[in-house]
1. What is the order of 186, 5, fewest Cβ neighbours within 10 Å to most?
2. If the chain between residue 278 and residue 245 were fully stretched, how many nm would it gain, using 0.36 nm times the residue separation less the Cα-Cα distance?
3. Classify the stretch 1-85: rounded, prolate or oblate, from the alpha-carbon gyration tensor (a ≥ b ≥ c, eigenvalue square roots; a/c under 1.5 rounded; otherwise prolate if a/b is larger than b/c)?
4. Using only Cα atoms, find the angle between the long axis of helix 145-164 and the longest principal axis of the chain, and express it within 0 to 90 degrees, rounded to the nearest 10.
5. What's the angle, to the nearest 10 degrees (0 to 90), between helix 2-12's Cα axis and the longest principal axis of the chain?
6. Report the gain in length on full extension from residue 20 to residue 126: 0.36 nm times residue separation, minus Cα-Cα distance, nm rounded to one decimal.
7. Exposure proxy check: 258, 100 ranked by fewest other beta carbons within 10 Å?
8. How much FRET efficiency would the formula 1/(1 + (r/R0)^6) give for residue 209 and residue 154, where r is the Cβ-Cβ distance and R0 is 41 Å, rounded to 0.05?
């Protein structure tokens, strides 16, 4: 019952979070689009894991210590923990905005609510830090600063809950192929189109069916390269994307790029490699394929 009530409460915020999110998205998508290398650094392509998820653990843990230090009458330790926690929040926010620049639909709406709560918590923590600074760290226990830190942590926890909903319920920034097996069995490959000679058209993207999976193919001479058609980032159809120089395919949804030869992600926002497949001629004609190990 609590979960359903919380979902209804979050959905009710769509009245303001949807238009605000659309506005913020347009700016952030444009801003990070100017510097794709910086975006890749912030989303965690180099790490193979979303950076925002890594960075959020630090401020939550540090800011909880502020409450502990206040309770044990250690105001100076609480002051420095709060200062470091605020810096950690800012670092996590920058990475979060890089992720936000490539969100859609309900995930964007939830992410807007998440960001708003986190920014509100940041403001409360800054006020608490200012009060502690003005009175001197050793005297901060006597004022409202500790209570503001508690209020900030409650808002922070609410924001973390909404952030978890973005990931675990709506599947934002998760690997779309996490549960896809890597079987060794060769399966008949059925291209969606062939040329007049019965061959896969050369030099362009072609969709194909492999059992229950769909692949995207490119033929270069006698060599056929194949990836899973569903983009690992957000599920975009790669066969509708662009083929770039060097046999790199670009997703039509968020412009993630993958190397067709091995599925390696070469540009974000995806942080995950794409499943790659081996293709060979089949006895009696046609082709067969299997996923690379």
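Here, each number is a calculation from the coordinates, and none is a lab measurement. In this text the structure is predicted, and so the values were computed from the model without any measurement. Cβ placement follows ideal geometry from the backbone for every residue including glycine, while neighbour counts extend to all protein chains displayed.
1. Numbers: 186 15, 5 9.
Ranked by crowding around the Cβ, least crowded first: 5, 186.
2. Values: separation 33, 0.36 × 33 = 11.88 nm, distance 2.09 nm.
Length difference between fully extended and current span is 9.8 nm.
3. Details: a/c = 2.31, a/b = 1.29, b/c = 1.79.
Oblate is the answer for the stretch 1-85, as a/c is 1.5 or above yet b/c matches or exceeds a/b.
4. For 145-164 against the chain, the angle is about 20 degrees.
5. In the chain, helix 2-12 runs at an angle near 80 degrees to the longest axis.
6. Values: separation 106, 0.36 × 106 = 38.16 nm, distance 2.37 nm.
Going from the current span to full extension adds 35.8 nm.
7. On the way: 258 30, 100 24.
Least to most surrounded, the residues fall as 100, 258.
8. Working: r = 51 Å, r/R0 = 1.25.
The formula returns an efficiency of 0.20 here.
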